[in-house]
Amino acid sequence: MKPEVLLYKSLPDDLRARLDDHFTVTAINGLTPENIAQHADALARAEGMIGSSSTVDKALLEKMPKLRAASTVSVGYDNFDVEALNQRGIVLMHTPTVLTETVADTMMALVLSSARRVVEVAERVKAGEWQRSIGPDWFGVDVHHKKMGILGMGRIGLALAQRAHHGFGMPILYNARKHHEEAESRFNAQYCDLDTLLRESDFLCISLPLTEQTHHMIGREQLAKMKPGAILINAGRGPVVDEQALIAALKDKTLHAAGLDVFEQEPLPVDSELLTLPNVVALPHIGSATHETRYGMARDAVDNLIAALAGKVEKNCVNPQVLR
Ligand SMILES: NC(=O)C1=CN([C@@H]2O[C@H](COP(=O)(O)OP(=O)(O)OC[C@H]3O[C@@H](n4cnc5c(N)ncnc54)[C@H](OP(=O)(O)O)[C@@H]3O)[C@@H](O)[C@H]2O)C=CC1
Ligand SMILES: O=CC(=O)O
């Protein structure tokens, strides 16, 4: 008998067929309070689950007594209660690496569009405001050769450093929990403490995961320490930055601009004050959202679940200690 699996995200047809070859699949439209109740039997039978974004907490796990493996179509896993998974010996799989370069491209797009005001001036052209040669009120600020500060020098931070160093001649500063020899040798990146990073960076680029330690790591006090004229880019997770403090810093021009792919609440509420600020570029969490990369993530997530339920995990495991 094939193991039962709960699928709560749509997959490309070929990947869905691959999943069906290995498992008896119950597909549901996201994990919401309504369909959790509606599909209680499928949850109770599931040995595996695959999807993204939804919260997987203790309460949900209690409804899934047979669960052995969870596979998320993302690298971030802050929506999972990993401790609860560990206690039950449930393997958590994710999709690092396949999306790294695409997310770094998105971060560079945010750097360029917020510095050069790409979205704002393009909208002015569409509104018919380009009536004569433009003046300084349309100008942006340079990106090349400015100092890039990277907060979180992991896979994505490293790929961003490569673009900034080789493509734009930017000196790189960074902060992480440990030194990263590869960033230092390949991109001449300089490790520094958070205060130095804040004080010296022209662009503060955040590629941190959301954890208890990183929640609101950038708040009012940290924003006040930033270099005058600096631009903040966040593509890690929204709650790493205190959004109310960010709005205040953008309004009083402590910060020159912000480029944001992630928010404290997603989707960003339409009445968010961020959307009223001309110096904000707001994207709908598109870090990895290209056809190629989203396909690769879904493929890896399917393969991860197949490996996990077969007891053949070799990579992409968040909590390998439960395998021992
Ligand atoms: N916007 C989007 O669409 C996407 C967003 N993301 C987000 O980006 C995050 C990073 O991804 P990725 O680069 O692959 O992950 P990695 O695990 O490779 O890198 C994370 C980095 O954050 C650092 N870090 C973690 N905690 C702290 C802390 N308390 N203080 C300082 N540094 C810390 C790590 O430090 P150290 O190296 O010292 O351990 C590491 O350098 C994901 O977790 C996800 O939240 C990812 C993909 C797409
Ligand atoms: O935010 C996206 C991810 O893969 O994590």
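Pulled fully out, how much extra length does the chain show between residue 112 and residue 291, if you take 0.36 nm times their separation in residues and subtract their Cα-Cα distance? Don't jump to the answer; show the numbers that get you there.
Details: separation 179, 0.36 × 179 = 64.44 nm, distance 2.23 nm.
Gain in length upon complete extension: 62.2 nm.
Roughly speaking, what is the stretch gain from residue 141 to residue 188, that is 0.36 nm per residue apart minus the C-alpha to C-alpha distance, in nm to one decimal?
Working: separation 47, 0.36 × 47 = 16.92 nm, distance 2.40 nm.
Gain in length upon complete extension: 14.5 nm.
Return, for the Cα atoms of the chain, the radius of gyration and Dmax in Å, separated by a comma.
21.6, 72
Calculate, in nm to one decimal, what residue 215 and residue 84 gain on full extension: separation in residues at 0.36 nm each, minus their alpha carbon distance.
Working: separation 131, 0.36 × 131 = 47.16 nm, distance 2.00 nm.
Answer, rounded to one decimal: 45.2 nm.
Rounded, prolate or oblate: which fits the stretch 129-288, taking a ≥ b ≥ c as square roots of the Cα gyration tensor eigenvalues, rounded meaning a/c under 1.5, else prolate when a/b beats b/c?
Oblate, since a/c reaches 1.5 and b/c is not below a/b.
Computed over the Cα atoms of the stretch 246-301, what is the convex hull's projected area averaged over all directions, in nm²?
With the hull built on Cα positions only, its mean projection is 4.8 nm².
So for the chain, averaging the separation of alpha carbon pairs under 8 Å that are six or more residues apart and normalising by length, what relative contact order in percent results?
Relative contact order comes out at 19 percent.
Quick one: pull the percentage of alpha-carbon pairs in the stretch 201-324 with a separation above 17 Å. Working shown, then result.
Values: 4848 of 7626 pairs.
In whole percent, the long-distance tail amounts to 64.
Return the percentage of antiparallel bridges among DSSP beta bridges fully within the chain, rounded to the nearest 5 %.
Once the DSSP bridges in the chain are tallied, antiparallel ones form about 5 percent.
What is the angle, in °, between the Cα long axis of helix 13-22 and the longest principal axis of the Cα atoms in the chain? Nearest 10 is fine, range 0 to 90.
For 13-22 against the chain, the angle is about 40 degrees.
Provide the convex hull volume over Cα atoms per residue for the stretch 1-115, in Å³.
On the way: hull volume 15.2 nm³, N = 115.
That works out to 132 Å³ per residue.
In nm, to one decimal, how far is the modelled label at residue 24 from the one at residue 44, with both set 7 Å along Cα→Cβ?
Label at residue 24, label at residue 44, 1.4 nm between them.
What longest region of the chain stays clear of chymotrypsin sites (Phe, Trp or Tyr not before Pro) that DSSP places outside H, G, I, E and B and that have at most 16 other Cβ atoms within 10 Å?
140-324
As an exercise, find the ratio Rg/Rh for the stretch 226-268 from alpha-carbon atoms, using the Kirkwood inverse-distance average for Rh.
The Rg/Rh ratio comes out at 0.96.
Running a GNM on the chain with Cα contacts under 10 Å, which residue among 199, 124, 132 ends up with the highest mean-square fluctuation?
Comparing 199, 124, 132 in the GNM, the peak value goes to 132.
Read-outs: derived from the displayed coordinates by stated rules, not from any lab. Note that the structure is a prediction, hence the values are computed from the model and not measured. All Cβ positions, even for glycine, are placed from backbone atoms using ideal geometry, and neighbour counts span all protein chains on display.
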